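Shown next, in structure tokens, is the structure this report addresses.
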Amino acid sequence: MGGKASIMMILGFNLIFMIAGYNYSRMTMGAIDNEIEYIDQNIAHNIAVSGANMAANRIFLSKTWTTGYNNTPLFGGTLTVVVVNSGLNKIVTATGTYKSKTNVVRIELKPSYYSKFGNFYETMSALPATGDTFNGPFHVNGTMTTYGTPVFNGKATSKLALSLQGSPKDPKFYGGYESGIDIPLDFDTTGMRHAAANNGKILSDTTNTGKDINVELVLTRMPQSPGGTPETTD
């Protein structure tokens, strides 16, 4: 009887160890599969992000570029980028595929405006100097030259290097400074034409004879309150 009990006990332990070993092996294989899936998903995401950056660079170099990319090999996977015009904006949809994983990155590019700058110069004829304080972004398409300790509260950028003059040579860039930034001064009327076509007014010479158009601006005064000050209306 004791021998049979020993055999049953040994078989029971073997069964327990077999089940435990199987579960441990399955957990180990599952962890490996999860890690591989995570890596594949990351690669697909990196492909999509790279494609969006590539498209943004092409649009920066040529604002009319909408060609995109179609199943372009990248990082061992494929990249597809679709660029769609949306008014003045461009919608870029980049799809990265790696093995069985797919990731999509969507960005919207909007035009910048010169009106955002507090100061914008092609070249500097007068130097920011001690006692001067500038608010808002500051840019010069040339050398950024300062004299003494001027203060820049917004970010300052220039195409060429920074040249420090005077004493002490210590300008205060509280918004940061960056060189190598080229912002061509191009007069683009696309925004104005788009605004005129949408709830605006378009005046055109249909005879193509070069007629002059006179525009009269009328100032309308606000109604006066009994106390003599303008009333505000919503």
Reported set for the stretch 191-208 where residues are under 30 Å from SER158 (Cα atoms) and loosely packed, with under 11 Cβ neighbours inside 10 Å is MET192
Of the residues ALA161, ALA156, ALA195, which single one is under 30 Å from LEU61 (Cα atoms) and either polar (S, T, N, Q) or at pLDDT 95 or above (or both)?
ALA156
Failed criterion for LYS155 (all others in (1) in contact with a strand residue (DSSP E or B) (Cβ under 6 Å, 6 or more places away or on another chain); (2) of a type in the set (D, E, K, R); (3) under 30 Å from VAL49 (Cα atoms); (4) not assigned by TED's automatic domain parsing to the domain that holds GLY51 hold)
(1)
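Looking at THR133, THR145, THR149, THR157, which one is loosely packed, with under 14 Cβ neighbours inside 10 Å and β-branched (Val, Ile, Thr)?
Details: THR145 fails: loosely packed, with under 14 Cβ neighbours inside 10 Å; THR149 fails: loosely packed, with under 14 Cβ neighbours inside 10 Å; THR157 fails: loosely packed, with under 14 Cβ neighbours inside 10 Å.
It is THR133.
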Is at least one residue of the stretch 111-126 farther than 30 Å from VAL140 by Cβ and in contact (Cβ under 8 Å) with a residue 12 or more places away in the chain?
no
Picking from VAL105, VAL92, the residue that is at pLDDT 95 or above and within 30 Å of ALA197 (Cβ to Cβ) would be VAL92
If we only count strands (runs of 3 or more DSSP E) wholly inside the stretch 121-206, which ones have 1 or more residues that are small (Gly, Ala, Ser)?
156-158, 162-165, 177-179
Residue selected from the stretch 177-197 under the condition in contact (Cβ under 8 Å) with a residue 12 or more places away in the chain and polar (S, T, N, Q), by the criterion nearest to SER112 (Cα to Cα):
THR190
Please determine, by comparing only the residues of the stretch 103-130 that are out of contact with any helix residue (DSSP H, G or I) (no Cβ under 6 Å at 6 or more places or on another chain) and among the polar types (S, T, N, Q), which one is farthest from ASN70 (Cα to Cα).
THR130
Name every residue in the stretch 74-89 that is of a type in the set (A, V, I, L, M, F, W, C) and part of a loop (DSSP other than H, G, I, E, B), in order of residue number.
PHE75, LEU88
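The values are calculated or read from the model by the stated rules, or taken from the named source; none is laboratory data. Given the structure is predicted, the values throughout are model-derived calculations rather than measurements. Methodologically, a virtual Cβ is constructed for each residue, glycine included, from the backbone with ideal geometry; neighbour enumeration extends over all protein chains shown.
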